[in-house]
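Pasting a structure here, questions to come.
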Amino acid sequence: MRLRTLRNGVNLSGKRVLLRIDANVPIAKGKAADGPHGKIARAAVDIEWLRQRGAKVIVMTHLGRPGGKRVPAYSVRPVAKRLSGLLVTEVRVAHDIVGPSARRLVRQMKNGDVIMLENVRFDPGEERNSTALADALSQLGDIYMNDAFAVSHRAHASVDAITSELTSYAGPQLATEVEVLERVMRHPKHPFVLVMGGLKMKDKLPVLRSLAPEADRVIVGGALAHAFFAAQEREIGRSAYDQNGVADARKILGEWGGKIWLPTDVVVAKSLRKDASRRTVAVEDIRKTDRVVDVGPETLRRYKEEIQRAKMVVWNGPFGYCEREPFCAGSFEIARAIASRTRSAVTVVGGGDTIPVVEAAGVADRFTLLSTGGGAMLEFLAGEKMPGIKALEV
Ligand code: 3PG
């Protein structure tokens, strides 16, 4: 797949670049929770590239799912504040998306300035992929750039319809994500180890269907493993699991059981408090009152051996209850094991929940690709057409 990208030689001086980013990060106490390798930090690099070339950068993002209404808790102001700090320049925020405030701010811009439009999902036209909204957005810019791989699976106005209104380009991050993920799908290297954690079977199933036949080993952890345990009619105590995923887990085991590895030992706790006492037990010994919060040492040893042999590793979803750091030890070890393969293997890590884990493990910059996309990465790897990307093909 060849995407239209902006070459170094293109004259951007004075051009209004309407840039779609994905700054959909949790907001805690009015602050955007975004680490040094987070979505906003990475978007800042590309915004700076445009500024250096004299562009006027008009940034658009969604935040949360406000459902087409103005919801103050989902204002992009905390995102603009984080961007201002990273870019060391004031990023002003329009009160609206395509209204008088946005138009006034755009008119006032000088070369190298950056402004943000309010949350595009405050407009009901965004999720309806409205041509009218796309047309109004296009009045604000001269060219459009999509650097939001993580939302490119959505046929929304600022991702899809807008590409019919303005000359459109793939941003550098999006182009890299597509290039590496395509390599994974078209030219898998063997041994290929697929590492799946997280919770929802529905989200992971299409990728399992698409990549499991090619993978030499599928290693499963986190709450996802509990659905497989339930399918095997094992006791999982009070552990979180996706009840709707049990039937699918049974089918997967029936089809690819030989290559699917599940934990053989786990860490259990009585509650999810971070100071709750913990024990390591064999999976057969999980009690009714236990909650599984992490994978055990024997499981980690087996999993790491597989990773050490791999020539390609794809990982999505944490292996423990990483909301509490003491329960994330297994995920940290998996993160470090995968990172240590990057010189000799293609290593791809993705998912909104996985980025903070690899940051906390200190290895976020040590993968072939740290994808910003959670759902988007899974859809891409499942071979689905993504509207935002299709529109950028040459
Ligand atoms: C994400 O965080 O995965 C993207 O921003 C997509 O968000 P959405 O699932 O609300 O479309």
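Do we have R302 as outside any loop (DSSP other than H, G, I, E, B), surrounded by fewer than 22 Cβ atoms within 10 Å (Cβ to Cβ) and in contact with a Ser or Thr (Cβ under 9 Å, 6 or more places away or on another chain) here? Steps first, answer last, please.
On the way: outside any loop (DSSP other than H, G, I, E, B): yes; surrounded by fewer than 22 Cβ atoms within 10 Å (Cβ to Cβ): yes; in contact with a Ser or Thr (Cβ under 9 Å, 6 or more places away or on another chain): yes.
Yes, satisfied.
Here's something else I'd like to know. If Q308 passes every condition in (1) modelled with pLDDT of 95 or more; (2) closer than 19 Å to E359 by Cα; (3) open to solvent by 70 Å² or more (accessible area, probe 1.4 Å); (4) touching a helix residue (DSSP H, G or I) at 6+ places or on another chain (Cβ under 8 Å) but one, which one does it miss?
(2)
While we're on this one: If I ask for residues that are part of a loop (DSSP other than H, G, I, E, B), over 20 Å from S158 (Cβ atoms) and touching a residue at least 12 places away in the same chain (Cβ under 8 Å), which ones from the range 13-32 would you list? Can you show your working first?
Restricting attention to the range 13-32, the residues satisfying the condition of being part of a loop (DSSP other than H, G, I, E, B) are 13-15, 21-26, 29-30.
If we keep only those that are over 20 Å from S158 (Cβ atoms) as well, we get 13-14, 26, 29-30.
Passing the criteria: S13, G14, G30.
Give me the residue from the range 186-203 that is open to solvent by 40 Å² or more (accessible area, probe 1.4 Å) and more than 18 Å from the chain's Cα centre (by Cα) and, out of that set, nearest to A148 (Cα to Cα).
The residue in question is R186.
Same structure again: Can you name the residue in the range 135-148 that is open to solvent by 10 Å² or more (accessible area, probe 1.4 Å) and in a loop (DSSP other than H, G, I, E, B) and is also nearest to the ligand (Cβ to nearest atom) among such residues?
By that ranking, first place goes to D147.
Out of the range 200-222, which residues are outside any loop (DSSP other than H, G, I, E, B) and touching a residue at least 60 places away in the same chain (Cβ under 8 Å)?
Here is the first cut: in the range 200-222, the ones outside any loop (DSSP other than H, G, I, E, B) are 201-211, 217-220, 222.
Listed by number, the residues that qualify are D203, K204, P206, V207, R209, S210, L211, R217, I219, G222.
Let me ask something additional. Hey, does the range 149-158 have a residue that's touching a Ser or Thr at 6+ places or on another chain (Cβ under 7 Å), buried (at least 24 other Cβ atoms within 10 Å of the Cβ), part of a helix (DSSP H, G or I) and of a type in the set (G, A, S)? Quick ask: steps written out before the conclusion?
Step one: list which residues in the range 149-158 are touching a Ser or Thr at 6+ places or on another chain (Cβ under 7 Å), which gives 149-150, 157.
Retained after the next criterion (residues that are buried (at least 24 other Cβ atoms within 10 Å of the Cβ)): 149-150, 157.
With the extra rule that they be part of a helix (DSSP H, G or I), the set shrinks to 149-150.
Keeping just the survivors that are of a type in the set (G, A, S) gives 150.
The answer is yes, given that some residue of the range 149-158 is touching a Ser or Thr at 6+ places or on another chain (Cβ under 7 Å), buried (at least 24 other Cβ atoms within 10 Å of the Cβ), part of a helix (DSSP H, G or I) and of a type in the set (G, A, S).
How many residues, within the range 159-185, are open to solvent by 10 Å² or more (accessible area, probe 1.4 Å) and within 16 Å of the ligand (Cβ to nearest atom)? Spell out how you get there, then give the answer.
Of the residues in the range 159-185, the ones open to solvent by 10 Å² or more (accessible area, probe 1.4 Å) are 160-161, 163-167, 169, 172-173, 175-176, 179, 182-183, 185.
Filter once more, keeping what is within 16 Å of the ligand (Cβ to nearest atom): 160-161, 173.
Number satisfying all stated conditions: 3.
Please identify the pairs in which a residue from the range 327-348 that is in the same structural domain as F192 (by TED's automatic domain parsing) has its Cβ atom under 9 Å from the Cβ atom of a residue that is crowded, with 22+ Cβ neighbours inside 10 Å and among the polar types (S, T, N, Q), counting only partners at least 6 apart or on another chain.
G330/T299; S331/T354; A335/T354; I338/T347; A339/T347; R341/T347; V348/N316; V348/S371
Right, here's the next one. Tell me yes or no: at least one residue of the range 182-192 is in a loop (DSSP other than H, G, I, E, B) and modelled with pLDDT under 95. Show your work before the answer.
Here is the first cut: in the range 182-192, the residues in a loop (DSSP other than H, G, I, E, B) are 187-191.
Going one step further and asking which of them are modelled with pLDDT under 95, we end up with 187-188.
The answer is yes, given that some residue of the range 182-192 is in a loop (DSSP other than H, G, I, E, B) and modelled with pLDDT under 95.
Of the residues that sit in the range 9-29 and are in contact with a helix residue (DSSP H, G or I) (Cβ under 6 Å, 6 or more places away or on another chain) and over 16 Å from I47 (Cα atoms), which one is farthest from the ligand (Cβ to nearest atom)? Steps first, answer last, please.
At the first step, the residues of the range 9-29 found to be in contact with a helix residue (DSSP H, G or I) (Cβ under 6 Å, 6 or more places away or on another chain) are 17, 21-23, 25, 27.
Okay, now just the ones that are also over 16 Å from I47 (Cα atoms), so 25, 27.
Numbers: V25: 8, I27: 13 Å.
My answer is I27.
Filtering the range 354-382 down to residues that are out of contact with any strand residue (DSSP E or B) (no Cβ under 9 Å at 6 or more places or on another chain), open to solvent by 50 Å² or more (accessible area, probe 1.4 Å) and assigned to a loop (DSSP other than H, G, I, E, B), which residue is farthest from the ligand (Cβ to nearest atom)?
Among those that are out of contact with any strand residue (DSSP E or B) (no Cβ under 9 Å at 6 or more places or on another chain), open to solvent by 50 Å² or more (accessible area, probe 1.4 Å) and assigned to a loop (DSSP other than H, G, I, E, B), it is G362.
So R42 passes all but one of these: (1) open to solvent by 30 Å² or more (accessible area, probe 1.4 Å); (2) assigned to a loop (DSSP other than H, G, I, E, B); (3) under 27 Å from A391 (Cα atoms). Which condition number does it fail?
Against the list (1) open to solvent by 30 Å² or more (accessible area, probe 1.4 Å); (2) assigned to a loop (DSSP other than H, G, I, E, B); (3) under 27 Å from A391 (Cα atoms), R42 comes up short only on (2).
The values are calculated or read from the model by the stated rules, or taken from the named source; none is laboratory data. Not measured: the values here are computed from a predicted model. In this analysis, Cβ positions are derived from the backbone assuming ideal geometry, glycine residues included, and neighbour counts consider all displayed protein chains. Keep in mind that these areas ignore ligands, DNA and RNA; they rest on the heavy atoms of the full protein, side chains included. Shrake-Rupley method; radii C 1.70, N 1.55, O 1.52, S 1.80 Å.
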